[in-house]
Amino acid sequence: MKKPTANAMVAIACAGGVMFMTGAAFAAVPLYQLFCQVTGFDGTVRKADKAPDVQLDQTVLIRFDTNVRGLPMTFWAEQVTQRVRIGETGIAYFDVTNTSDRPIHATAGYNVVPERAGPYFQKLQCFCFEGQTIQPGQTMKFPVQYFVAPEMATDRESRGVEEITLSYTFYPTQGFEQAANTDAAPIAQGSGAAG
């Protein structure tokens, strides 16, 4: 059996490098999302398994911001703000209407401002990072169940936070396999606010 030449070894190394980089490119987004959700990095909200047992007297004003990038749809929060006690579970509802004559494939991303509140703003239920298919003219309602962790009140960097903004942006995901959505429900046409 012949020993591979130097040129063959370089070609194999290059092909392996290309395959590794392609795999890394596909894995980068889900791994970054996982990293941000686990650490609260960059204002990313954490996913919690259960609500805290302690509720403080201190309250925080939660603002809800909605955005759409490159889609024929309206997206709005049914409430602009909510005041919750730290440790109390809150629930907010968001409505999306497809204003086109075609199905829309979309995903919502989110962020929290100020960033130092990100690790303490935790969600129990959310529609974010789940692919949605919204039929022409259809309006869907999405719940978000959340709380602000009591540890925020004692953290040196975040204890003075009195207002948190939760911002969602829907963006197109046409061509990607969509995850089944169990949190959203179609709602009757004509209900909700105009977006």
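The values are calculated or read from the model by the stated rules, or taken from the named source; none is laboratory data. This one's a predicted model, so the numbers in the text were calculated from it and none came from an experiment. Glycine gets a Cβ as well: all are built from the backbone with ideal geometry, and neighbour counts include every protein chain shown.
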### Filter pass, residue 134 being buried (at least 18 other Cβ atoms within 10 Å of the Cβ), among the hydrophobic types (A, V, I, L, M, F, W, C) and more than 14 Å from the chain's Cα centre (by Cα)
yes
#### Entry: Any hit, segment 84-99, residues being under 30 Å from residue 59 (Cβ atoms), at pLDDT below 95 and part of a strand (DSSP E or B)
no
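Does residue 137 satisfy the condition of being modelled with pLDDT of 95 or more and on the phi > 0 side of the Ramachandran plot?
Working: modelled with pLDDT of 95 or more: yes; on the phi > 0 side of the Ramachandran plot: yes.
So residue 137 passes the test.
How many of the residues in segment 132-174 are of a type in the set (A, V, I, L, M, F, W, C) and closer than 15 Å to residue 94 by Cβ?
As a first pass, look at segment 132-174 and keep what is of a type in the set (A, V, I, L, M, F, W, C): 134, 140, 142, 144, 147-149, 152-153, 161, 164, 166, 170.
With the extra rule that they be closer than 15 Å to residue 94 by Cβ, the set shrinks to 134, 140, 142, 144, 166, 170.
The number of residues fulfilling the criteria is 6.
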### Task
Only one of these is under 30 Å from residue 135 (Cβ atoms) and modelled with pLDDT under 90: 72, 30. Name it.
30
### Query
Among the residues of segment 39-69, which ones are part of a strand (DSSP E or B) and at pLDDT 90 or above?
59, 60, 61, 62, 63, 64, 65, 66, 67, 68
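Select from segment 100-147 the residues that are of a type in the set (D, E, K, R), in a strand (DSSP E or B) and out of contact with any Asp or Glu (no Cβ under 7 Å at 6 or more places or on another chain) and list them in ascending order.
123
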